[in-house]
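S.K.: The structure is given below, and queries will be raised subsequently.
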Amino acid sequence: MFKKSWFVILLVLASLLLVLAACGGSEPAAPAEEAAPAEEAAPAEEAAPAEVAPEAVAGKVGIILPTKDEPRWVQDEARFKEALEAAGYEVEILFSQGDSAKEKANVEDLITKGVKVIIFTPQDGTAAAAAADAAKEAGVSIISYDRLIRDTDAVDYYVTFDSLAVGAQQAQYLVDNAEGTGNPLYLYAGAASDNNAFIFFEGAWSVLQPLIADGTFVVKNSSEAVALADKAELTREEQAAIIGQITTNWDFNTAKNLAEANLTVATAEDKGNVFILAPNDGTARAIADAFAADSDVTSYLVTGQDAEQASVQYIIDGKQSMTVFKDVRTLVNDAINAAIALLQGNAPAASGSYNNGVVDVPAIQSPVVTVDRNNVQEALIDSGYYDAADFTGLE
Ligand code: BGC
């Protein structure tokens, strides 16, 4: 399966070279079929372009990622580079370092340099609208990458994982491992400035809510969640009220401090065998460390997402219970596919859409996989995503 996706990436890159060469010359752009969805691409031999100098294609696509401080986005950078450099194609990747002003400056920099498509993960989904508007005004297409840019019509396309499934799989893991009633549940969420934090929470709530309502779980750290326990579907405002109490802001220190504050307020009866919904791997490790250090906590189950290397080691060591694996190679492939279509003046193939507050943005989304100790070898090592040598204690 992974071999296939590499094969597909190479095909897509071959098409990209062809298309970009065509854009730069007097030849008409290649027909849409050549940039068709990956599964339909022709064998590599047929798709390989004639000698196209990398200079002919450089500078047409730029990439903006939110921060280098989280392994998740460094991973995306590495996977983009692997994919693009394999085809001899250099692409500028700029990081916003958690700062929307820097992010806008980065977008303006790419516009000045003459890119035609920006693959863009916003630091703050709403604040990024101004940068997307500036790109649109300059005739540059925007692909929202992993996180949706909100409240603007300047987003052409969205490539994402199935974020609802991420939250649902995290919650399902807790549910599958709970017995009886009165199980203490601690909820944590991502940053309220990230649209995904709402989708992850919505997915988790859809699975947890009936079991909070029937007493299987008792939420210990959010009075808003307790007050809404009987509501299966929450409005965005209601979600925001809960997230406001349990946000980690996607920050390890904030996560650790919040978990410690929750544990300080909780009584010994609120602890024991606890269940923790942690939104991603970085925050999961921080929260897990805080719970592990509390002597009233007998055992804990904690979720995560991203299959970050450090969390995979935590899972092997029994310090994190699960992660949701999002194969970044697929997202990179989807983004490049979309860039090719947009450079040709075509609409990228979409399997649905996401409303960003102003428009329905055509989207394609990739599936995600639950990984725990039982399938870590198969899902992450045998698949070639990581090397066994990156870890200790693998069986
Ligand atoms: C991404 C996650 C990531 C989180 C924090 C989310 O938008 O989907 O993969 O862990 O942001 O950066």
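S.K.: Being under 20 Å from A284 (Cα atoms) and surrounded by fewer than 18 Cβ atoms within 10 Å (Cβ to Cβ) is the filter here; which residues of the range 357-385 pass it?
M.R.: Of everything in the range 357-385, those that are under 20 Å from A284 (Cα atoms) and surrounded by fewer than 18 Cβ atoms within 10 Å (Cβ to Cβ) turn out to be V369, D372, R373, N374, N375.
S.K.: Right, another one. Please name all residue pairs, on different chains or six or more residues apart, with Cβ atoms under 6 Å, provided the first residue is in the range 118-140 and is farther than 17 Å from D194 by Cβ and free of Cβ contacts under 8 Å to residues at least 24 places away in the same chain and the second residue is surrounded by 18 or more Cβ atoms within 10 Å (Cβ to Cβ) and of a type in the set (A, V, I, L, M, F, W, C).
M.R.: Pairs found: D133/A154; K136/A154.
S.K.: Further, regarding this structure: Are there any pairs with C-beta distances below 8 angstrom linking a residue in the range 64-75 that is within 15 Å of P122 (Cα to Cα) and of a type in the set (F, W, Y) to a residue that is modelled with pLDDT under 95 and in a loop (DSSP other than H, G, I, E, B), with the two at least 6 apart or on different chains, and if so which?
M.R.: Note: no pairs meet the criteria.
S.K.: Now for a different question. Only residues that are in a loop (DSSP other than H, G, I, E, B) and of a type in the set (A, V, I, L, M): list them for the range 371-395, please.
M.R.: Residues of the range 371-395 that are in a loop (DSSP other than H, G, I, E, B), as a first pass: 373-375, 383-387, 391-395.
Result: L394, single match.
S.K.: Within the range 80-100, is there a residue that is buried (at least 20 other Cβ atoms within 10 Å of the Cβ), charged (D, E, K, R), over 20 Å from N280 (Cα atoms) and modelled with pLDDT of 95 or more?
M.R.: no
S.K.: Of all residues in the range 124-141, which are out of contact with any Leu (no Cβ under 9 Å at 6 or more places or on another chain) and under 16 Å from S96 (Cβ atoms)? Don't jump to the end; show me each part of the working.
M.R.: Residues of the range 124-141 out of contact with any Leu (no Cβ under 9 Å at 6 or more places or on another chain): 124, 126-134, 136-139.
Matches in the range 124-141: D124, T126, A127, A128, A129, A130, A131, A132, A134.
S.K.: Looking at (1) among the hydroxyl-bearing types (S, T, Y); (2) free of Cβ contacts under 8 Å to residues at least 40 places away in the same chain; (3) in the same structural domain as E70 (by TED's automatic domain parsing), which is the only condition T181 fails?
M.R.: That leaves (3) as the condition not met.
Quick grid of which residues meet (1) under 15 Å from the mean Cα position of the chain (by Cα); (2) more than 12 Å from the ligand (Cβ to nearest atom); (3) of a type in the set (S, T, Y):
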site	(1), (2), (3)
D109	no, yes, no
D124	yes, no, no
S163	yes, no, yes
N196	yes, no, no
W205	no, yes, no
T216	no, yes, yes
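S.K.: Moving on to the next point. Filter the range 240-259 for residues that are under 21 Å from E202 (Cβ atoms), away from the ligand (no atom under 16 Å from the Cβ) and surrounded by 19 or more Cβ atoms within 10 Å (Cβ to Cβ) and give the result.
M.R.: Result: I242, single match.
S.K.: Select, from I142, I149, the only residue that is within 16 Å of the ligand (Cβ to nearest atom), within 30 Å of G114 (Cβ to Cβ) and assigned by TED's automatic domain parsing to the domain that holds W73.
M.R.: Values: I142 fails: within 16 Å of the ligand (Cβ to nearest atom).
I149 is the lone residue from the list that is within 16 Å of the ligand (Cβ to nearest atom), within 30 Å of G114 (Cβ to Cβ) and assigned by TED's automatic domain parsing to the domain that holds W73.
S.K.: Follow-up question, since we're still on this one. How about the range 309-370: which strands (runs of 3 or more DSSP E) wholly inside it have at least 3 residues that are over 29 Å from E90 (Cα atoms)? Steps first, answer last, please.
M.R.: Numbers: elements: 322-325, 352-355, 360-366.
Those strands (runs of 3 or more DSSP E) span 322-325, 352-355.
S.K.: Can you tell me which residue in the range 165-194 is farthest from G62 (Cα to Cα), limited to those that are hydroxyl-bearing (S, T, Y) and either buried (at least 22 other Cβ atoms within 10 Å of the Cβ) or more than 16 Å from the ligand (Cβ to nearest atom) (or both)?
M.R.: Start the filter on the range 165-194 by keeping residues that are hydroxyl-bearing (S, T, Y), which leaves 173, 181, 186, 188, 193.
Cutting the leftovers down to either buried (at least 22 other Cβ atoms within 10 Å of the Cβ) or more than 16 Å from the ligand (Cβ to nearest atom) (or both) gives us 173, 181, 186, 188.
Details: Y173: 38, T181: 52, Y186: 40, Y188: 33 Å.
So the residue we want is T181.
S.K.: Hey, another quick one. Select, from S295, S321, S299, the only residue that is within 22 Å of V368 (Cα to Cα), of a type outside the set (V, I, T) and either assigned by TED's automatic domain parsing to the domain that holds E202 or within 14 Å of the ligand (Cβ to nearest atom) (or both).
M.R.: On the way: S295 fails: within 22 Å of V368 (Cα to Cα); S299 fails: within 22 Å of V368 (Cα to Cα).
After ruling out the rest, the residue left standing is S321.
S.K.: Here is a follow-up. Does the range 261-286 hold any residues that are closer than 26 Å to V324 by Cβ and in contact with an Asp or Glu (Cβ under 6 Å, 6 or more places away or on another chain), and which are they?
M.R.: L263, K271, N280, D281, G282
S.K.: Just for strands (runs of 3 or more DSSP E) wholly inside the range 130-192: which have at least 3 residues that are of a type in the set (F, W, Y)? Before you say what the answer is, go through the steps one by one.
M.R.: Values: elements: 141-145, 157-161, 183-187.
Result: 157-161.
S.K.: Pairs please, first residue from the range 269-285 and in the same structural domain as Q169 (by TED's automatic domain parsing), second anywhere and β-branched (V, I, T) and surrounded by fewer than 24 Cβ atoms within 10 Å (Cβ to Cβ), Cβ atoms under 6 Å, 6+ apart in sequence or on different chains.
M.R.: K271/V297; G272/T298; N273/T298; V274/V297
S.K.: F275 versus (1) more than 16 Å from the ligand (Cβ to nearest atom); (2) in a loop (DSSP other than H, G, I, E, B); (3) buried (at least 24 other Cβ atoms within 10 Å of the Cβ): which is the lone unmet condition?
M.R.: If we test F275 against (1) more than 16 Å from the ligand (Cβ to nearest atom); (2) in a loop (DSSP other than H, G, I, E, B); (3) buried (at least 24 other Cβ atoms within 10 Å of the Cβ), just (2) comes out false.
S.K.: Only residues that are surrounded by 21 or more Cβ atoms within 10 Å (Cβ to Cβ) and of a type in the set (V, I, T): list them for the range 199-218, please. Give the steps one after another, and end with the answer.
M.R.: As a first pass, look at the range 199-218 and keep what is surrounded by 21 or more Cβ atoms within 10 Å (Cβ to Cβ): 199-201, 203-205, 208, 217.
Within the range 199-218, I199 is the sole residue that qualifies.
S.K.: Is it the case that some residue within the range 340-357 is under 16 Å from the mean Cα position of the chain (by Cα), under 23 Å from R150 (Cβ atoms) and assigned by TED's automatic domain parsing to the domain that holds E85?
M.R.: Going residue by residue through the range 340-357, those that are under 16 Å from the mean Cα position of the chain (by Cα) are 354.
Those left that are additionally under 23 Å from R150 (Cβ atoms): 354.
Filter once more, so that each one left must be assigned by TED's automatic domain parsing to the domain that holds E85: 354.
Within the range 340-357, one or more residues are under 16 Å from the mean Cα position of the chain (by Cα), under 23 Å from R150 (Cβ atoms) and assigned by TED's automatic domain parsing to the domain that holds E85.
The values are calculated or read from the model by the stated rules, or taken from the named source; none is laboratory data. Owing to the predicted nature of the structure, the values given are computational and were not obtained by experimental measurement. Because the Cβ atoms are built from the backbone with ideal geometry, glycine has one as well, and the counts that use them run over all protein chains shown.
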